[in-house]
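The values are calculated or read from the model by the stated rules, or taken from the named source; none is laboratory data. Keep in mind it's a predicted model, so treat the numbers as computed, not measured. Ideal geometry is used to build each Cβ from the backbone, glycine not excepted, and the neighbour counts take in all protein chains shown.
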Amino acid sequence: PGFWDFSQSYHPDARKSIGITVTVRAGKTTRGVDLYLEQKQEKPSGSVRGTVFDAAGRRISGATILATRIARPWRTLTNERGEYSIERLEPGRYRFTALDPTSMTYGRARADITVEEESVVDITVRDKAARIRGTVLDDQRQPVNVLPWIIIQGVGFMLEVDLDETGAYDCGPVPPGSYRVFALPLKGYKVEPPSGYEVTLGEGEQLDNADFVLTPMSSFLAGTVVYSDGSPAAERFVVVGGQGV
C-alpha cells in the first residue's frame, strides 16, 4: 500500500514513455493504470551498395563489410557475387572496410552517405591483414566453449567473435592497428585476465595464444522465493546486502 509511480519500460521504437502516480490501498485492486508510448519519428537515412574485388579484379564472396562513422560499425557480408548492401545509414562520412578471410587481406574506402540516396562504394582488398587467435580454457586448463563471444575493439572498429566447439576463436582478418581483446563471461564465472589483452599489430602480423581462463566464482547464492502458502513468487526482486555490499 502507498503511492507508486508506474512507467512503461523503454522500447527502441518509443521516443519517450509517460508515467503516472497512483495510490494503492491494502486489499484493493487499482484499475485504469494505463500507459502509452509516443512513436519515435524515423530519422532521415541513406543506403550504400557495392562490390568487393581482389587485386586481380575477381569478385570476393563471404567478405565482411564494416561501415564506420562514429562508434560501433554496421556489419554485413558479401553474397556469392561479391556484392553487399547496407540500408538505413545516418547521413555523414563513413569509412568502409572489407575483410577477406580466405586471402587474409583487407581494403578500405571512404564515402559520404546522403539522405534518401543510394551510394555505390566498391572496395578492392589487396593489403595484408592482421590476425588474433586464442582459446578459452577452464580452471583445469581444458578447452571450453561456454563464453558467448570474444570482443575485438579498436578505434572505430569492433568485432564480436564466437568460440568453436573446441573453445578456440580466430579474429582474422582485422586491419593493422591497436586493439583490446576481452571476453564476456557467463554469470557466476570470472575470466582471467579480466582486462584482456592490448596489442598493436602491423600488416601480416598476428597474435597467437591470446587465451582466457574461465573459473567459477568462489561462492554464490541461490534460492527460491515463495508466498506464505508455499506457491512460487515469479518475477520478484531479491536484494542481497552484507558488509561492503
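List of remarks:
- Residues that are of a type in the set (D, E, K, R) and closer than 23 Å to R58 by Cβ, drawn from the range 117-127: D122, R126, D127
- Selection from the range 94-128 of residues that are within 26 Å of D170 (Cα to Cα), in a strand (DSSP E or B) and among the charged types (D, E, K, R): R95, D100, R108, D127, K128
- Contact map, the range 49-66: residues that are within 13 Å of R108 (Cβ to Cβ) and touching a residue at least 40 places away in the same chain (Cβ under 8 Å) paired with residues that are crowded, with 22+ Cβ neighbours inside 10 Å and of a type in the set (F, W, Y), Cβ distance under 8 Å, separation 6+ or inter-chain. Pairs shown: G50/Y84; G50/F96; V52/Y84; A63/Y84; I65/Y84; I65/F96; L66/F96.
Matching residues to (1) within 22 Å of R59 (Cβ to Cβ); (2) aliphatic (A, V, I, L, M):
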| site | (1), (2) |
| --- | --- |
| R108 | yes, no |
| A129 | yes, yes |
| R133 | no, no |
| Q140 | no, no |
| V144 | no, yes |
| W149 | no, no |
| M158 | no, yes |
| S178 | no, no |
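- Selection from the range 105-121 of residues that are under 23 Å from the mean Cα position of the chain (by Cα) and under 30 Å from T166 (Cα atoms): Y106
- On the stretch given as the range 215-237, residues that are assigned to a loop (DSSP other than H, G, I, E, B), under 30 Å from P194 (Cα atoms) and at pLDDT 80 or above total 1.
- The lone exception for A98 - which of (1) more than 18 Å from Y179 (Cα to Cα); (2) modelled with pLDDT of 95 or more it fails: (1)
- For T124, the requirement of being surrounded by 14 or more Cβ atoms within 10 Å (Cβ to Cβ) and more than 21 Å from the chain's Cα centre (by Cα) is met.
- Condition met for L99 (under 29 Å from V199 (Cα atoms), surrounded by 15 or more Cβ atoms within 10 Å (Cβ to Cβ) and in the same structural domain as A183 (by TED's automatic domain parsing)): no
- Qualifying residues in the range 43-55 (those that are under 25 Å from the mean Cα position of the chain (by Cα) and assigned to a loop (DSSP other than H, G, I, E, B)) - the one modelled with the lowest pLDDT: K43
- Number of positions in the range 143-177 that are over 19 Å from P101 (Cβ atoms), modelled with pLDDT under 85 and surrounded by 18 or more Cβ atoms within 10 Å (Cβ to Cβ): 2
- Filter result for V181 (closer than 29 Å to D139 by Cβ, modelled with pLDDT of 90 or more, part of a strand (DSSP E or B) and of a type outside the set (K, R)): yes
- Among the candidates G134, G202, residue that is in contact (Cβ under 8 Å) with a residue 40 or more places away in the chain, among the small types (G, A, S), exposed (fewer than 14 other Cβ atoms within 10 Å of the Cβ) and more than 26 Å from Y84 (Cβ to Cβ): G202
- Take the conditions (1) modelled with pLDDT of 80 or more; (2) surrounded by 12 or more Cβ atoms within 10 Å (Cβ to Cβ); (3) charged (D, E, K, R); K40 misses just one of them, which is (1).
- Screening E80 against (1) surrounded by 15 or more Cβ atoms within 10 Å (Cβ to Cβ); (2) more than 20 Å from the chain's Cα centre (by Cα) leaves a single unmet condition, (1).
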